[in-house]
Each structure stands twice: as structure tokens, then as C-alpha cells.
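*Asks:* Dropping the structure in here first, questions after.
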Amino acid sequence: MTGRFGGAGEQTRPFKTQRYPYASCADQQAKAPVRHSVVIIGAGPVGLALAIDLAQSDVPVVVLDENEDVSSGSRAICMSKRTLEIMDRLGCARPMTQKGVVWNKGKVFFKDHLAYEFDLLPEGGHQYPAFINLQQYYCEHYLLERLCVLKTEGKPVDIRGHNKVTALAPEDKHVRLTVETPDGAYVLEADWLVACDGAHSQTRNMLGLDFSGRVFKDNFLIVDVVMKADFPTERWFWFDPTFNPGQSALLHKQPDGVWRIDLQLGWDIDREAEKRPENAIPRLKRMLGEDVAFDLEWVSIYTFRCCRLEKFRHGRVFFAGDSAHQVSPFGARGANSGVQDTDNLAWKLKLVLDGVTGEALLDSYDAERIPAADENILNSTRSTDFISPKSGISRVFRDAVLDLAENYAFARSLVNSGRLSTPAIYDQSPLNGHDDAALPPRTRPGAPAVDAPLEQGWLLAKVGGGFILMGIGVNVPHAISAHGLEIRGICIAKASITSQIRERYLGRAPGAVYLVRPDQHVAARWRNFDETAVRLALRTALALGNGS
């Protein structure tokens, strides 16, 4: 049963070759440090997504990574609908959804019986599902493929493997980096540096920064097994199952016949011993059955923290993803929130580099993404406290809720096996403009635009990137020029308004006008077109103040 397993944390991956092998670059021979517009540290999903977003916008970007291949193990597997919408804008969603396992439904079990089941996308009219499961190495593979296509097209992007940043020197106008390579060290400079180097961020350490938050005293065995099984394509979560008494378990299907299994082990364990096949396999047999044949593909033990940096911007250095904030894995909030970090940051960097606006726009990264991180930390902490009660009375409450959930709907809202990732709404953002309260709350300023079917195609695909003025049953200009930008106008005629667009954007109003940001979040909205109001809202969205 261990034919594919090579040891704890090791795995036979589908990619045998180095994806971005080391090669010397001109910067290493330069007489003086070369200055780059943006340098990204880390070539995981977060760093690669940011690099693609910037390159598509013609912002020169260099990615530095101390490795030269995609990650080992499935790691972050659950990609949310909002992340897929972002990946669609980046040109990566199609291969991901074609390869990934689509799911919308889940089941929660208490001991050996079904407590209840749920549907994360009960309404129709969306291009993408609530979630797909896709191993992180596949996600990185498709992102790298897209990056290579952009480079072939002449976009200003470079990824450098075996380039390890060993020192940082932030200055007023740039950041100076020392980079170690197989050929020795070299120095380069960045107008802006973005740390996407994960939970153990060396960038964070080099700047003397640390997290504030909570460490959870628990251990989880995470295993990828290859097996033929007739389990449905759903998220299954167990509280106190007979095969792992007093603990929890999670089962997810992945591509290639791989299944993710998480088993809660408790705090006082021998971590190295638990990863060994002779100990992991009996646990899996108790869950799957003695007669189920499987191979181990990847085994690891993890603990987690719910914490964040006090600030995500430190002068000319930004932190995104796990380098900025960490949560428990319950709810798939880690990688999804990291991709949303970069979605928030990329367009702001571009406009500042282009001279359209000043650094006040970059300050809004903290103003918007710190509350998003706090929301994720709150939900993650609540999930963990429910899954792993720390007192007798907490366990009594939890078990009573689970008993009631089978027959009483009110109790199901109290069950918390991981509140699954939802996109942040920037309600308190300084970039939010005018709102008309008569329009539907779900598409208010600060909210991500909600997808909907058009007569041909999908709304978010039509919106794309850049600032967009969207008229729904209201005529808007083909374009408006302001502050060196061209705001593209799109009109959805009254005869073309679908029921989903009406419900999501109009409510009872006959028409509406939406100003949408480059990250597809709503900046402002009205029931009628007023160019002066639009220009004022654009100034606000660019952090230029309220002047004319």
C-alpha cells in the first residue's frame, strides 16, 4: 500500500522536470544594481497570480524563488468561486476547472450518522461553481504556463529559480535586495517589493516583524491517498467518528483518483512517528475499511495559528498571503484570501507606477485587506473552537448542537465544521463612492461584482479588468477620459436584462449605473447616469480626494 510513498512529506508528482530552473541573468553581471519596478519573493500561487496580473498590465515584474519547481503535496486544494473568477481574468481558469473536481455540496456527520448536508451554491446563473478541488502543484503548473505564455508574447516578466533573497535594505525610494544563487550573490533594487514567501516568510524575519494572534495546540495528520472509491464528490466532515474517537476527520476528492484525508490527532503526539507509513496506514484503514486498497502519495502533520501582521504595508514592502496572515485550514481561507490580496494590490501598484495617482492608493491595501484578514481569522478561530472544544462545557454544547442539527434547521446554523471562504466586502473602504440604498445590498460599494449570465457569455467576463462604467437599462458613454485613464462603458439594454441581473443589480429599480474597479469590486452606483458624479467617484476610487 505504500508503493508511491517515499517518506513523510515526500510525494511522486506529475511534473518530473524543473519548471523554472536556475539560469544566470544580466543583473548578475551588471556593474551597478539594476532597478526593477516590482520584485516578488515567492513563486507559490499568490506570487504567481500577482506576477501574471502585473505582467498583463505591462508592469515590469521579477519573481525570485529559492526553489525551481512546483510544490510537493496537494497543500491548498480548495479554490473558491471568487478565486476562479480572478483566475478567469488572469487567463488560467479554464484548465483549472477542466482538471479540478467540482463540488458545491457537503455533509456533516456526528459519530456515525449524518447530521445534515448543505449546498454552497443553491442559486443558478454563475459561470463557476462554489469550489473546485485542485492540488496546489497543478494550480502552480497552470499559473506557470500562463506566465510563460505572457513572456513569449513579450510581456515584461521574469521568474528566477534558485534565487534566494538573503538580505533586505529598505530605502525611501526603493528596496535593495541581496540574492544568493549557485553562481554567487548579486544585488538588485525594486521600486516596490511584495513578499509572497509563505507562512515561514524570510522577508518578514529580515524586517524583524512578527505575528500577533493565537496558536492552537492541536495536530492534524494530512494524507493524500490514491484509491478507487465510490464516495460522491462532496466535502465530508466527521465530528467524533468511531474510526477517530474524540477527534474530527475530513474527506475530499481530488483529481487523478487522489483523496485528501485530514485526521485530528490531538496535541501530545510524536509528530515524526505519526507520519510513518506503519502508523498512518492503520489509521486510514480504520476510516476506509480493511479491504479498501490505496497508496499513500503524501503525508504530513500540521498545526496552525490564527494571526496576522499588524500592517501589511511597510514602506515599499508589501506582504500578501500567508506571509501576512495565517488561519486554520478549515474553510479554505488561506490561499483564496492570498489570491484576493494580490487582486487588490496589483491594480494599485500599476496606477502608482504609471503616475496616475499617489501612494495614498497603496495605503488602501491595509485599509481593505486587514479587515478581510480579521474576518477570516474570526471565522477560522470560531471553526477551530467548535471542532476542538477546549472545555467540558464547550464539548457538551457542541455535541448537543450536532444532535439537534439532524432534525432542527435552527441548529444547523450553529454547526461549524469550517465556514467556507467567501470574498471580502470592503464596507469601510476609503475608496468607496456614492451608494443608492434602493439597489440590492449584495452589490453595494466595496462588494465584488456578482457574476450573471448575459444573452451571450457572462457578465464578469464582459467586465474584465480596468475601470468600467456599467449601465444596466441606462445608457452610458462608450468611454470617459479622466486622470490619464479611459473608463470603458458597457451597456446592458433593458431588453437584455436577465432575471439574475435584475435580482443582483437592480432590485425594483428600472435601471442602474455601476462604477467597477479593476479588481471587479464595486466603487460606486446610482440609479441614473451623472457624469459629474462618476468623475467624483473615480477620484475617490483613486484616492485623489474630492476635488475637481
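*Asks:* If the chain between A199 and F231 were fully stretched, how many nm would it gain, using 0.36 nm times the residue separation less the Cα-Cα distance? Can you show the working numbers first?
*Replies:* Working: separation 32, 0.36 × 32 = 11.52 nm, distance 3.27 nm.
Length difference between fully extended and current span is 8.3 nm.
*Asks:* Show me 67-80, 370-383 ranked by packing, highest mean number of other Cβ atoms within 10 Å first. Provide the component values of the computation, followed by the final result.
*Replies:* Values: 67-80: 22.4, 370-383: 19.3.
Descending mean neighbour count gives 67-80, 370-383.
*Asks:* Output wanted: per-residue J couplings in Hz (rounded whole) for the range 470-479, from phi through Karplus 6.51 cos²θ - 1.76 cosθ + 1.60, θ = phi - 60°, x for Gly and Pro.
*Replies:* 10, x, 10, x, 9, 6, 10, x, 4, 7
*Asks:* Now for a different question. Assuming 0.36 nm per residue, please report the length gained on full extension of the stretch A32 to K462 beyond their Cα-Cα distance. Before the final figure, lay out each step's value.
*Replies:* Values: separation 430, 0.36 × 430 = 154.80 nm, distance 4.48 nm.
My answer for the length gained is 150.3 nm.
*Asks:* Let me ask you something else. Return the long-range amide H neighbours of Y116 (sequence gap of 5 or more, or a different chain), with a cut-off of under 5 Å between placed amide H atoms.
*Replies:* V108
*Asks:* Let me ask something else. With a 10 Å radius around each residue's Cβ, average the other Cβ atoms per peptide and rank 159-170, 295-306, highest first.
*Replies:* The packing order, highest mean first, is 295-306, 159-170.
*Asks:* Could I ask something else about it? For K31, go through the aspartates and glutamates and keep the ones whose alpha-carbon is under 15 Å away, minus same-chain ones fewer than eight residues off.
*Replies:* E189
*Asks:* So between D530 and R276, what do we pick up on full extension, going 0.36 nm a residue minus the alpha carbon distance?
*Replies:* Stretched fully, the D530-R276 segment lengthens by 84.8 nm.
*Asks:* Under 5 Å between amide hydrogens, which residues at least 5 positions from G161 or on another chain qualify, with H placed 1.01 Å from N in the peptide plane?
*Replies:* It is A23, by chain and number.
*Asks:* Please list 3J(HN,Hα) in residue order for the range 100-117, calculated via the Karplus relation 6.51 cos²θ - 1.76 cosθ + 1.60 where θ = phi - 60°; whole Hz, with x for glycine and proline.
*Replies:* So the Karplus estimates, Gly and Pro as x, are x, 8, 7, 8, 10, 10, x, 10, 10, 10, 10, 6, 10, 10, 6, 7, 5, 10 Hz.
*Asks:* Given R₀ = 41 Å, what would the calculated FRET efficiency be for W267 paired with A438, taking r from the Cβ atoms and rounding to 0.05?
*Replies:* That gives a FRET efficiency of 0.20.
*Asks:* So, one more: Calculate the all-directions average of the projected area of the range 301-398's alpha-carbon convex hull, and give it in nm².
*Replies:* Result: 7.2 nm².
*Asks:* I need the calculated FRET efficiency for the pair E359 and T303, taking r as the beta carbon distance and R₀ as 41 Å, to the nearest 0.05.
*Replies:* Efficiency at R0 = 41 Å is approximately 0.65.
*Asks:* Right, something else. If the cut-off is 12 Å between C-alpha atoms, which aspartates and glutamates fall inside it for K151, apart from same-chain ones fewer than 8 positions away?
*Replies:* Filter leaves D58.
*Asks:* Now for a different question. I need the peptides 447-459, 389-401, 146-158 ranked by packing, meaning the mean over residues of other C-beta atoms within 10 angstrom, with the highest value on top. Provide the component values of the computation, followed by the final result.
*Replies:* Numbers: 447-459: 17.8, 389-401: 13.2, 146-158: 16.2.
Highest to lowest by the protection proxy: 447-459, 146-158, 389-401.
*Asks:* Continuing with the same structure: What are the lysines whose alpha-carbon lies under 19 Å from the alpha-carbon of K217, with same-chain residues fewer than 8 places away excluded?
*Replies:* In chain and number order, the partners are K275, K390.
*Asks:* Given contacts defined as C-alpha pairs under 8 Å and at least six residues apart, what's the relative contact order of the chain, whole-number percent?
*Replies:* Relative contact order here is 15 percent.
*Asks:* Something else: How big is the range 137-195 by Rg and Dmax over its Cα atoms, in Å?
*Replies:* Every Cα atom of the range 137-195 included, Rg and Dmax give 14.0, 39 Å.
*Asks:* Per DSSP H run of at least 4 residues, take -39500 (n - 2.57); add these up for the chain, divide by its residues and hand me the 222 nm value, nearest 500 deg cm²/dmol. The partial results should precede the final answer.
*Replies:* Details: 13 runs with 149 residues, N = 548.
One gets -8500 deg cm²/dmol as the mean residue ellipticity at 222 nm.
*Asks:* In addition: Whole Å is fine, so just give me how far the alpha carbon centre of the range 390-452 lies from that of the range 147-169.
*Replies:* 38 Å
*Asks:* Find the relative contact order for the range 297-391 and round it to a whole percent, using C-alpha pairs within less than 8 Å whose residues are 6+ positions apart.
*Replies:* For the range 297-391, the relative contact order is 31 percent.
*Asks:* Something else now. How large is ³J(HN,Hα), in whole Hz, for each residue of the range 344-361 in order, when computed from phi with the Karplus curve 6.51 cos²θ - 1.76 cosθ + 1.60 and θ = phi - 60°, using x for Gly and Pro?
*Replies:* 6, 8, 4, 5, 6, 4, 4, 5, 6, 5, 7, x, 5, 8, x, 6, 4, 5
*Asks:* Follow-up question, since we're still on this one. Using Cα pairs under 8 angstrom and six or more residues apart, how large is the relative contact order of the range 202-255, in percent?
*Replies:* Values: 29 pairs, mean separation 12.1, N = 54.
Worked out over the range 202-255, it gives 22 percent.
*Asks:* Another question about this same structure. Rounded to the nearest whole Å³, what is the per residue volume of the convex hull around the Cα atoms of the range 377-463?
*Replies:* Numbers: hull volume 16.0 nm³, N = 87.
Here the figure is 184 Å³ per residue.
*Asks:* Shifting gears a bit: Residues with amide H under 5 Å of V70's amide H, sequence separation 5 or more or different chain, H placed in the peptide plane at 1.01 Å from N; which?
*Replies:* R19
*Asks:* Shape call for the range 32-115 from the C-alpha gyration tensor, a ≥ b ≥ c root eigenvalues: rounded (a/c under 1.5), prolate (a/b greater than b/c) or oblate?
*Replies:* In terms of gyration-tensor shape, prolate.
*Asks:* Still on this model: What are the extents of the Cα atoms of the range 420-521 along their three principal axes, listed from largest to smallest and rounded to whole Å?
*Replies:* Taking the Cα atoms of the range 420-521, the three principal extents are 38, 35, 25 Å.
Read-outs throughout are calculated quantities, based only on the coordinates presented, and are distinct from any laboratory measurement. The structure displayed is predicted, hence computed values, not measured ones. Here Cβ is always computed from backbone atoms with ideal geometry, including for glycine, and neighbour counts include all displayed protein chains.
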